[in-house]
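Here the structure comes first, spelled out in structure tokens, and everything after it is commentary.
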Amino acid sequence: MEEKINDLILMAKKEISDVTKEADLLNIKSKYLGKKSEFNALLASLKDMSSEDKKVFGPLLNARKKELEQLFNDKFDSLSCKIDLSFDESLPINITKGSLHPVTIVAKEITDVLKRMGFTVLKGYEMEDDYHNFEALNIPKDHPARDMQDTYYLDNGLLLRTQTSGDQIHAMEKYDLPLRICSPGRVFRNEDLDASHENTFFQIEGMVVDKNIKVENLIYVMREVLKEVFHQDVKVRLRPGFFPFTEPSFEMDMSCLICGGKGCSTCKGGGWIELIGCGMVHPNVLKNCGIDPDVYTGFAFGIGLTRLAMMKYKISDIRYLNSGDLRFLDEFEIE
Ligand code: DAH
């Protein structure tokens with residue numbers, strides 16, 4: 001029996017070493033280790049052996065089978081790792097330059113200007129809990145503001161964040177005061193899609209908490225940000241808004257650059273695009289994070305990065321931005 005096994009392994013080794021294609025190796029493997037192989041017949045014969053023989057040949061057969069399997073595995077590895085590196089040198093080399101996504105470009109411009117003003121850039125969580133996305137931001141369970149943000153709830157009890165504002169809470173929980181942070185990222189809302197609405201888009205959150213922070217500080221920072229992105233003074237308007245986590249709240253709109261303010265499908269005919277939600281941090285939000293609102297005040301803002309990129313590059317339909325179409329993306333270069 002031992003001799004027979006040795007012969008089988010020797011023959012298999014020879015065939016394994018000669019083979020050059022994975023498909024052929026598979027055939028050889030089935031010949032030596034498959035159901036109808038001699039090896040299998042030997043294993044099957046164990047059951048008719050005396051118990052003493054079984055004790056000797058059982059472990060021997062199994063050990064040699066493992067050895068053979070290993071030989072096949074090694075050969076499979078070496079065949080699948082073989083990559084043909086030869087190439088046709090006569091072919092023209094056509095190297096195209098990569099480009100950054102327009103949202104990445106505006107995110108970088110904004111974080112750059114904020115960093116110069118002392119802001120730290122954070123990264124939040126796309127999968128968020130109800131507390132950070134809503135509750136701690138002064139949006140309790142039955143608050144109507146939840147309806148404004150159609151939420152994707154997940155089976156694991158978490159949700160896909162509807163806004164980057166939860167990063168304010170993470171920052172206040174984690175860092176000491178005074179605080180200056182910003183946090184760009186992706187957010188999700190169960191929206192009907194059209195030229196200006198996507199279910200996945202980008203925002204950047206910003207927050208300052210310190211002593212003596214006033215609305216003027218907020219407006220100054222917003223102006224600097226827009227100047228950096230557009231390299232010119234752009235027409236903006238500030239109007240009262242409503243956000244549960246700021247008081248007072250404002251919305252900053254920008255004159256639509258697609259139609260020059262005349263009205264188009266991107267601005268829904270109104271001539272203005274909502275770009276920034278902002279305001280002074282609500283005392284309840286500070287309290288939720290253990291901060292005394294009588295000592296500290298702050299401002300916060302959330303900028304629609306996707307919309308900002310659309311304005312900057314005059315992209316009329318938001319759906320291009322998530323399309324991944326290289327013909328579209330190749331148009332953009334970092335300045
Ligand atoms: N999270 C708001 C939204 O998605 C935007 C926003 C408004 C952010 C006011 C803020 C803020 O930080 O203070 O609509």
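The values are calculated or read from the model by the stated rules, or taken from the named source; none is laboratory data. In this text, all values refer to a predicted model and were calculated from it rather than measured experimentally. Here Cβ is always computed from backbone atoms with ideal geometry, including for glycine, and neighbour counts include all displayed protein chains.
Residues that are without any contact (Cβ under 8 Å) to a residue 12 or more places away in the chain and either within 12 Å of the ligand (Cβ to nearest atom) or in a strand (DSSP E or B) (or both) within the stretch 142-192 comprise Met148, Tyr153, listed in sequence order.
Listed by position, the strands (runs of 3 or more DSSP E) contained in the stretch 227-323 that have at least 2 residues being near the ligand (Cβ under 10 Å from one of its atoms) and more than 26 Å from the chain's Cα centre (by Cα) are 246-255, 272-281, 297-304.
May I ask you to list the residues in the stretch 291-303 that are touching a residue at least 24 places away in the same chain (Cβ under 8 Å) and surrounded by fewer than 22 Cβ atoms within 10 Å (Cβ to Cβ)? The answer is Ile291, Val295, Tyr296, Thr297. If you check Asn73, Asn62 for being more than 41 Å from the chain's Cα centre (by Cα), loosely packed, with under 14 Cβ neighbours inside 10 Å, free of Cβ contacts under 8 Å to residues at least 24 places away in the same chain and in a helix (DSSP H, G or I), only one passes: Asn62. Looking only at the stretch 198-218, residues that are within 13 Å of the ligand (Cβ to nearest atom) and in a strand (DSSP E or B) come to 9 in all. Does at least one position in the stretch 12-35 carry a residue that is modelled with pLDDT under 90, more than 48 Å from the chain's Cα centre (by Cα) and part of a loop (DSSP other than H, G, I, E, B)? No; the residues of the stretch 12-35 include none that is modelled with pLDDT under 90, more than 48 Å from the chain's Cα centre (by Cα) and part of a loop (DSSP other than H, G, I, E, B).
For Gly118, the conditions (1) touching a strand residue (DSSP E or B) at 6+ places or on another chain (Cβ under 7 Å); (2) not in a loop (DSSP other than H, G, I, E, B) all hold with the exception of (2). Here Gly118 clears all of (1) within 13 Å of the ligand (Cβ to nearest atom); (2) surrounded by fewer than 14 Cβ atoms within 10 Å (Cβ to Cβ); (3) at pLDDT 95 or above except the condition numbered (1).
Considering the stretch 304-335, the residues that are touching a residue at least 60 places away in the same chain (Cβ under 8 Å) and among the polar types (S, T, N, Q) include one that is surrounded by the fewest Cβ atoms within 10 Å (Cβ to Cβ), namely Ser316.
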